[in-house]
Amino acid sequence: MPAVVIVGAQWGDEGKGKATDLLGSRVDKVVKFNGGNNAGHTVVIPNPDGTSEKYALHLLPSGILTPGCTPVIGNGVVVDLDVLFEEIDGLEARGIDTSSLVVSANAHVIADYNRTLDKVTERFLGSRKIGTTGRGIGPTYADKMNRQGVRIQDLFDEKILREKVEAALELKNQILTKVYNRRSVEVDEIVEQLLTHAERLRPMVADTPLLLHEALQAGETVLLEAGQATLLDVDHGTYPFVTSSSATTGGACTGSGIAPTQITRVIGIVKAYATRVGEGPFPTELFDEDGERLRRNGGEFGTTTGRPRRCGWYDAPIARYAARINGVTDFVLTKLDVLTGWDRIPVCVAYEIDGERVDEMPMTQTDFHHAKPILEYFEGWTEDLSDCRTFDDLPVAAQEYVRALERISGSRISAIGVGPGREQTVVLHDLL
Ligand code: GDP
Ligand code: IMO
Ligand code: MG
């Protein structure tokens, strides 16, 4: 009865969607356990005729693309109902069967006032902004912690729903009108919006912790798919430049109701270089032609907001940190193909902070802001990797780069991505 976790080991967009999809046909359930439609996962699936289909998922677990695999939106997720049904309708229109989707009764709902508050708060913060996706994620998690949230189950009891929205709006309207100079919001308007999809949603709603418990008892395999990543986790990331949910293995338990003792494997997804979207520290960030080239070759533009991703070299202290925080048993190293064509490839092996060498993620935000990468250089290669299917197919320099990363990153590398396609993967150790 294995529960397997997939987490991002950097700042997101490592290729979690592709990894989830890759395992989809061998798992019974895929659970999204944190975040909401701030996530953006691009999955490329081959057609029998040799062409391929590209899907961009935000709220739905990537397992939705695999026939026979039940996708589950866990209690740790925040759900934008309009986006949920837009995404379902979009997939159905392309022939994907979404009818097995299950949504936790305890997941929270993103109300319109929280989308507004996300955007106006960012504007208000000016140069201190986080660079959020503007989807209402932070304010909705804040409401959850403040015990002022609206949950999926509230949509089926209009009296309770109205009371909750009234209570929330008492304060929100003061903030909207007096701090942000926006119009106040009517209770009726919000209740009506939230109820729009209630009847369509009702058959999908379940006690997902119980459902998952029973699945594991019955010997099914459950894959827990993180949105965002370790360095964006609200506790373990580069706070305050983080998202507002628990994107690490601990969050997989709280966000799904699966107990830690059930987890047998933790797969960390890590890019062969590093990217970040939004504000916040990023020691290996490049501001030169190399950064541009990584962005161009890697197609590093956000799936959700279209923003250019900040690009930099691989950061081993961060990979080690992610391995430690998540208990990574296996890394999937993605986008190795993007590094083709560099004479030599720099890797950050440690930091220099105020004149001292530091090998681990520093304790304080101040130190991390001062961290300068100490780089080691590895020999590059010129061969196109996209058709490599075994480790021996890789050029020797690429093999050595992978082995070097494995030595310094805190866990073994069990698969290597050489392209966006499902089949463009070199497997070293089976992931399930
Ligand atoms: P996620 O948020 O972690 O699921 O990652 P995203 O989907 O936002 O970003 C990863 C991007 O890289 C997507 O466009 C994928 O199709 C693509 N991708 C994933 N793995 C590989 C790989 O090994 N090589 C290349 N070239 N692209 C990849
Ligand atoms: P996936 O799942 C990359 C970043 C935003 C911003 C910060 C807070 O595709 O890896 P939020 O809207 O969550 O309050 O924004 O987090 N961010 C992501 N960056 N990939 C993501 O998801 C992200 N989700 C949020 O850019 O800096
Ligand atoms: Mg993404």
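Just a few scattered comments:
- The set of residues in segment 133-152 being hydroxyl-bearing (S, T, Y) and within 16 Å of ligand 1 (Cβ to nearest atom) consists of T133 alone.
- None of E360, E376 is open to solvent by 70 Å² or more (accessible area, probe 1.4 Å), touching a helix residue (DSSP H, G or I) at 6+ places or on another chain (Cβ under 7 Å) and acidic (D, E) except E360.
- Some residue of segment 274-288 being in a helix (DSSP H, G or I), more than 15 Å from ligand 2 (Cβ to nearest atom) and over 19 Å from G40 (Cβ atoms): no
- Number of positions in segment 18-62 that are of a type outside the set (V, I, T) and farther than 18 Å from S245 by Cα: 22
- Some residue of segment 221-230 being closer than 21 Å to A19 by Cα, surrounded by fewer than 22 Cβ atoms within 10 Å (Cβ to Cβ) and under 26 Å from the mean Cα position of the chain (by Cα): yes
- Restricting attention to segment 305-328, the residues that are open to solvent by 30 Å² or more (accessible area, probe 1.4 Å) and either in contact with a His (Cβ under 9 Å, 6 or more places away or on another chain) or away from ligand 3 (no atom under 16 Å from the Cβ) (or both) add up to 4.
- The number of residues in segment 28-46 that are surrounded by fewer than 24 Cβ atoms within 10 Å (Cβ to Cβ) and away from ligand 3 (no atom under 13 Å from the Cβ) comes to 4.
- Matching entry among D89, D49 (being away from ligand 1 (no atom under 13 Å from the Cβ), of a type in the set (D, E), at pLDDT below 95 and surrounded by fewer than 23 Cβ atoms within 10 Å (Cβ to Cβ)): D49
- Positions within segment 1-38 being away from ligand 1 (no atom under 12 Å from the Cβ) and either on the phi > 0 side of the Ramachandran plot or touching a Gly at 6+ places or on another chain (Cβ under 6 Å) (or both), in sequence order: M1, G24, V30, V31, F33, N34
- Pairing residues of segment 350-377 that are closer than 18 Å to A319 by Cα and in the same structural domain as R320 (by TED's automatic domain parsing) with residues that are of a type in the set (K, R) and open to solvent by less than 70 Å² (accessible area, probe 1.4 Å), at Cβ distances under 8 Å and at least 6 apart in sequence or on separate chains, gives E360/R320; M361/R320.
Per-residue answers, yes or no, for (1) part of a helix (DSSP H, G or I); (2) out of contact with any Lys or Arg (no Cβ under 7 Å at 6 or more places or on another chain); (3) not basic (K, R):
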{"residue": "D154", "(1), (2), (3)": "yes, no, yes"}
{"residue": "A167", "(1), (2), (3)": "yes, yes, yes"}
{"residue": "V191", "(1), (2), (3)": "yes, no, yes"}
{"residue": "L216", "(1), (2), (3)": "yes, yes, yes"}
{"residue": "E220", "(1), (2), (3)": "no, no, yes"}
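- Exactly one residue out of D384, D430, D392 is open to solvent by 70 Å² or more (accessible area, probe 1.4 Å), in a helix (DSSP H, G or I) and on the phi < 0 side of the Ramachandran plot: that is D392.
- Flag if A56 is open to solvent by 10 Å² or more (accessible area, probe 1.4 Å), assigned by TED's automatic domain parsing to the domain that holds F301, under 30 Å from P281 (Cβ atoms) and within 14 Å of ligand 1 (Cβ to nearest atom): yes
- Segment 92-106 - residue that is among the hydrophobic types (A, V, I, L, M, F, W, C) and either in contact (Cβ under 8 Å) with a residue 60 or more places away in the chain or in a helix (DSSP H, G or I) (or both) and, of those, surrounded by the fewest Cβ atoms within 10 Å (Cβ to Cβ): A93
- Of all residues in segment 229-257, those being within 9 Å of ligand 2 (Cβ to nearest atom) and of a type in the set (F, W, Y) number 1.
- Residue match in segment 156-169 (condition: in the same structural domain as P308 (by TED's automatic domain parsing), among the β-branched types (V, I, T), surrounded by fewer than 21 Cβ atoms within 10 Å (Cβ to Cβ) and closer than 28 Å to S256 by Cβ): no
- Among residues of segment 247-269 being touching a Cys at 6+ places or on another chain (Cβ under 9 Å) and closer than 19 Å to L431 by Cβ, the one that is surrounded by the most Cβ atoms within 10 Å (Cβ to Cβ) is I263.
The values are calculated or read from the model by the stated rules, or taken from the named source; none is laboratory data. This is a predicted model, so every value here is computed, not measured. Cβ atoms come from the backbone with ideal geometry, glycine included; neighbour counts cover every protein chain shown. The protein model used for the area step is the full one, side chains on, heavy atoms only, and it has no ligands, DNA or RNA in it. Shrake-Rupley method; radii C 1.70, N 1.55, O 1.52, S 1.80 Å.
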